[in-house]
Amino acid sequence: MNQEALKALLEATKSGETSIDEALEQLKTLPFSDLDFAVIDHHRQIRNGHPEVIYCESKTVDQVLGIMKHMVNERQQAVLATRVTTEQQSAILDAFPSASVNVLGRTVKINCPEIKETADYVAIVAAGTSDLPVVEEAYETVSALGHRAVKVVDVGVAGIHRLFSRLDLIRGAKVVIVVAGMEGALASVVGGLVDKPVIAVPTSVGYGASFGGISALLTMLNSCSSGVTVVNIDNGFGAAYAAAQIMKL
């Protein structure tokens, strides 16, 4: 239940269209629903502005479907699922043929609103094509949370002239997410060129000495560019959620 639905219920109760007993019945499951294997937080959208997101990694197909069916069929909620496996994607499409699946980003969206063209947007800037899975996760998350996102990809520091050719688009954003693996230098470069919040996402892309993204993480944490904040390795979702919260300010 979101704030608009709760307000409508209170207005209906005030006007007499809904009885107090009926309102109480609807409010019984307002805080959460207990499915035995999962406790779904219905109150989160009222508290935080966005509904609970389903993190699918390590969940069984039946668990994912059980959560989705409850949220969509019984609660009429929009759903964003992340880290969705191929097997889970197939089962979800069988149950919800209209679901939007991003195979590369490993996300699924159901009943999420269409994003309008607006002046304000989040720029998602990626160092290389190998970083695209994280870019797509971030892109789908920003969109699912109701904001416009623009992708600027393959503009890493090995060919920095590529970045300079897209600077107007990047500088026009309200928030910038920078996704980079290897040594992760792109976040510092972008942070020194824009006057907007920069959220850096280190990726696990790179050869042995990148240590699965730790090198990029440490580079970003030690950035000399002011205003750069850093999320966990490969955490496109976390960066996008933070960007969406900033967009609402």
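The values are calculated or read from the model by the stated rules, or taken from the named source; none is laboratory data. Just so it is clear, the model here is predicted, and its values are computed rather than measured. Glycine also receives a Cβ, built like all others from the backbone with ideal geometry; neighbour counts cover every protein chain displayed.
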Sole exception among (1) surrounded by fewer than 18 Cβ atoms within 10 Å (Cβ to Cβ); (2) touching a Cys at 6+ places or on another chain (Cβ under 7 Å); (3) not hydrophobic (A, V, I, L, M, F, W, C) for Thr82, by number: (1)
Enumeration of residues in region 17-58 that are crowded, with 17+ Cβ neighbours inside 10 Å, polar (S, T, N, Q) and at pLDDT 75 or above: Thr18
When residues of region 189-217 are limited to those that are assigned to a helix (DSSP H, G or I) and within 23 Å of the chain's Cα centre (by Cα), the one surrounded by the most Cβ atoms within 10 Å (Cβ to Cβ): Ala216
Extreme residue, nearest to Gln77 (Cα to Cα), among residues of region 134-153 that are assigned to a helix (DSSP H, G or I) and among the aliphatic types (A, V, I, L, M): Ala144
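Let's see how each residue does on (1) surrounded by 15 or more Cβ atoms within 10 Å (Cβ to Cβ); (2) outside the structural domain of Ala242 (by TED's automatic domain parsing); (3) not in a strand (DSSP E or B):
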position: Gln88; (1), (2), (3): yes, yes, yes
position: Lys116; (1), (2), (3): no, yes, yes
position: Leu132; (1), (2), (3): yes, no, yes
position: Val155; (1), (2), (3): yes, no, yes
position: Ala158; (1), (2), (3): no, no, yes
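Residues are listed down the side, and each one gets a yes or a no for (1) out of contact with any Pro (no Cβ under 9 Å at 6 or more places or on another chain); (2) modelled with pLDDT of 95 or more:
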| site | (1), (2) |
| --- | --- |
| Ser204 | yes, yes |
| Tyr207 | yes, no |
| Leu218 | no, yes |
| Gly236 | no, yes |
| Ala239 | yes, yes |
| Ala243 | no, yes |
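Going through region 115-132 one residue at a time, which ones are in contact with an Asp or Glu (Cβ under 8 Å, 6 or more places away or on another chain) and of a type outside the set (Ser, Thr, Tyr)?
Answer for region 115-132, where residues must be in contact with an Asp or Glu (Cβ under 8 Å, 6 or more places away or on another chain) and of a type outside the set (Ser, Thr, Tyr): Ala126, Ala127, Gly128.
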